[in-house]
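Some notes on the structure that comes next.
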């Protein structure tokens, strides 16, 4: 059952993270996720503040044979008229994120990429995010502009790491299941995020997790990646080199549900 579209004020703390946003609820009872783990970006990612399910549309070319429920959104993309309010966080190697406003839309986040980013690469990243948002796995795209490349999207609240730090290094069983279902939705849609840097996982105003930054994403090739590469990539998110949340002792509590899902994804 899908909750009705509505408007919500994100009033949670960390002032800079609190923005207005419109949303469509996630479908209840999504199946447990449906594998090769790709490279983890070692450079710091940009600070993002956005969220939500996405652009209305039809099933896309990445879709696998799994049953996936596609979500729509009540807000169209607006490709002109966005005004920068303030910068969100520090600039990253790919660009800078701003809080933006529009007279005909809610406040959003806009990632402005460096001018050298190829148009084809930019548009490919945008399309992967649109497609992921259709299954509630990414922030909804609210606008796309070129020269320089800019991507406007719904706001998120905080990173997975910030969630862990606020909860003494643990996630609840419900939060762990949400991460597993998130990866399962991408697996079922045939999209391989391919960059399990923990900073690419963010929480929205409903406490649901989303993947951000689709610059390394690709369509799942079952012969190379298996059927559940995003679920398998949770291992890198937990234990991967310098970025792993468990290896860095950011996640110090129980993570047995994720471990079980990772093991199941390798079968």
Practice prompt. Determine, yes or no, whether residue 123 is in contact with a helix residue (DSSP H, G or I) (Cβ under 7 Å, 6 or more places away or on another chain) and either under 22 Å from residue 82 (Cα atoms) or crowded, with 18+ Cβ neighbours inside 10 Å (or both).
Written response: no
Reported set for region 173-189 where residues are within 25 Å of residue 94 (Cβ to Cβ) and in contact with a strand residue (DSSP E or B) (Cβ under 6 Å, 6 or more places away or on another chain) is 179, 182
The correct count of residues that are buried (at least 24 other Cβ atoms within 10 Å of the Cβ) and either farther than 16 Å from residue 195 by Cα or assigned by TED's automatic domain parsing to the domain that holds residue 219 (or both) in region 126-138 is 5
The helices (runs of 4 or more DSSP H) lying wholly within region 168-267 that contain at least 3 residues that are in contact with a helix residue (DSSP H, G or I) (Cβ under 8 Å, 6 or more places away or on another chain) and farther than 23 Å from residue 124 by Cα are 173-189, 234-239, 256-265
Checked region 148-162 for anything surrounded by fewer than 19 Cβ atoms within 10 Å (Cβ to Cβ) and in a helix (DSSP H, G or I); matches are 161, 162
For region 110-147 the number of residues that are under 13 Å from the mean Cα position of the chain (by Cα) and part of a strand (DSSP E or B) is 1
Of 224, 218, 210, the only residue that is surrounded by fewer than 24 Cβ atoms within 10 Å (Cβ to Cβ) and closer than 25 Å to residue 96 by Cα is 218
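The values are calculated or read from the model by the stated rules, or taken from the named source; none is laboratory data. Computed from a predicted model, the values in this text were never measured in an experiment. Please note: Cβ atoms are built from the backbone with ideal geometry, for glycine as well, and neighbour counts cover all protein chains shown.
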